[in-house]
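Read the structure below first, then the notes.
The values are calculated or read from the model by the stated rules, or taken from the named source; none is laboratory data. Just so we're clear, the structure is a prediction, and the values are computed from it rather than from any experiment. When we count neighbours, we look across all protein chains shown, and the Cβ atoms used for this are built from the backbone with ideal geometry, even at glycine. Each accessible area value is taken on the protein alone, full model and side chains, heavy atoms only, with ligands, DNA and RNA left out. Shrake-Rupley method; radii C 1.70, N 1.55, O 1.52, S 1.80 Å.
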Amino acid sequence: MVWALLRKGWAPRRTIVLCSWDAEEFGMIGSIEWVEENLENLRSKAIAYLNVDCAVQGPDLFVRASPQLDDLLFEVVKNVNDPDVDDKTVYQTWTLANNDTHIKRYSDVGSDFAAFVQHARVPYVNLYYGKDFPVYHTAFDTFEWMKKYGDPLFHRHVVVAELWGLLTLHLADSSILPFNYLSNAAQLQEHRKKLSSIFDRGISLYPIDMAIEEWIGAAHETEKKASNLGERKALDDFSELRKQMLLNDQMMLSERGFLAEDGLKGRMWFQHLIYCPPGDYNYELSFFPGIADAISQATKMSK
């Protein structure tokens, strides 16, 4: 796809960086060191990170992503044919399998996206076929197993490449970044609702409520600006280009607003205020890690 575009004279609007990580199984050393060495550039310039770990492990699509990329994901999967069902798109089979489209978030450090999300606060997508991989890290994890069981015709591999390619092209070429922060707002409201169900009525969530309301207002304003700029045709007008640039910078840097520069208490490297690996894996809260840690510690002290 990219080679064909390059032969036609195409050049991406934004830089595309291809990375190959080493030492993944030893604590994501390769990706973590690279992120730490390039932290300033990533925080000031990075748009998104697309993670490819095990592209295909079996049937059924599995997706994790930052909320503002939900709409882009839906648009892409609606335009790619399903590898296993004729005359269906990936979106149709994905919806049927889950009774809805279900995108998981990222409260773990299960792959090389960890440093980008938890330390640099760069939005990311991680998708693959086959949530459960029975031969993973065994002697049966071979090319022959993949050829016979995992993806006999390698159609799923082709589809994953199509999905990654289309996502990359949208992120690299769209004049207005394809982010929708209303998805973030909806997700924050869900988290607040669950948090409220955990606390008793004597605990006020007013500061969180006000922060979410402000975020919702800003998200609506951003969507309106993006829509207005997207409808305008005078792209050779410097003032219009400047407005696009400023809006893109605002949308990109909004992600960094979820960072705590000093990190979480007792876990300085982890800086994400909404999603983070739990300090206590037995605790039920998988978001607002600072609150989850405080509740877990208080519970242990009271015993």
Inset, instruction - Would you check which residues across segment 72-84 are open to solvent by 60 Å² or more (accessible area, probe 1.4 Å) and of a type outside the set (Asp, Glu) and list them? - result: Lys78, Asn79, Asn81
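Given the options Ala298, Ala292, Ala234, name the one that is surrounded by 18 or more Cβ atoms within 10 Å (Cβ to Cβ), of a type in the set (A, V, I, L, M) and modelled with pLDDT under 85. It would help to see each step written out before you state the result.
Details: Ala298 fails: surrounded by 18 or more Cβ atoms within 10 Å (Cβ to Cβ); Ala234 fails: surrounded by 18 or more Cβ atoms within 10 Å (Cβ to Cβ).
None of the other options fit; the residue is Ala292.
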Inset, instruction - Please go through segment 142-171 and pick out each residue that is open to solvent by less than 70 Å² (accessible area, probe 1.4 Å) and part of a loop (DSSP other than H, G, I, E, B). - result: Thr142, Asp151, Pro152, Phe154
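So, in segment 172-229, of the ones that are more than 18 Å from Asp70 (Cβ to Cβ) and outside any helix (DSSP H, G or I), which residue ends up most open to solvent (accessible area, probe 1.4 Å)? Reasoning before the result, please.
First, pick out the residues of segment 172-229 that are more than 18 Å from Asp70 (Cβ to Cβ): 172-173, 175, 192-211, 213-214, 217, 221, 224-225, 228-229.
Adding the requirement that they be outside any helix (DSSP H, G or I) leaves 175, 199-205.
Numbers: Ser175: 38, Phe199: 45, Asp200: 98, Arg201: 245, Gly202: 75, Ile203: 83, Ser204: 83, Leu205: 16 Å².
Looking at the filtered set, the residue picked out is Arg201.
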Inset, instruction - Could you tell me whether Thr168 is touching a Ser or Thr at 6+ places or on another chain (Cβ under 9 Å), touching a residue at least 40 places away in the same chain (Cβ under 8 Å) and at negative phi? - result: no
Legend entry - Where Val135 falls short, out of the listed (1) open to solvent by 20 Å² or more (accessible area, probe 1.4 Å); (2) aliphatic (A, V, I, L, M); (3) part of a loop (DSSP other than H, G, I, E, B): (1)
Inset, instruction - Kindly indicate whether any position in segment 59-66 is in contact with a Phe, Trp or Tyr (Cβ under 7 Å, 6 or more places away or on another chain), open to solvent by 20 Å² or more (accessible area, probe 1.4 Å), over 29 Å from Leu273 (Cβ atoms) and part of a loop (DSSP other than H, G, I, E, B). - result: yes
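Take the conditions open to solvent by less than 20 Å² (accessible area, probe 1.4 Å) and either in contact with a helix residue (DSSP H, G or I) (Cβ under 6 Å, 6 or more places away or on another chain) or among the acidic types (Asp, Glu) (or both) and apply them to Tyr106. Does it pass? Before the answer, list the steps.
Values: open to solvent by less than 20 Å² (accessible area, probe 1.4 Å): yes; either in contact with a helix residue (DSSP H, G or I) (Cβ under 6 Å, 6 or more places away or on another chain) or among the acidic types (Asp, Glu) (or both): yes.
It is true that Tyr106 is open to solvent by less than 20 Å² (accessible area, probe 1.4 Å) and either in contact with a helix residue (DSSP H, G or I) (Cβ under 6 Å, 6 or more places away or on another chain) or among the acidic types (Asp, Glu) (or both).
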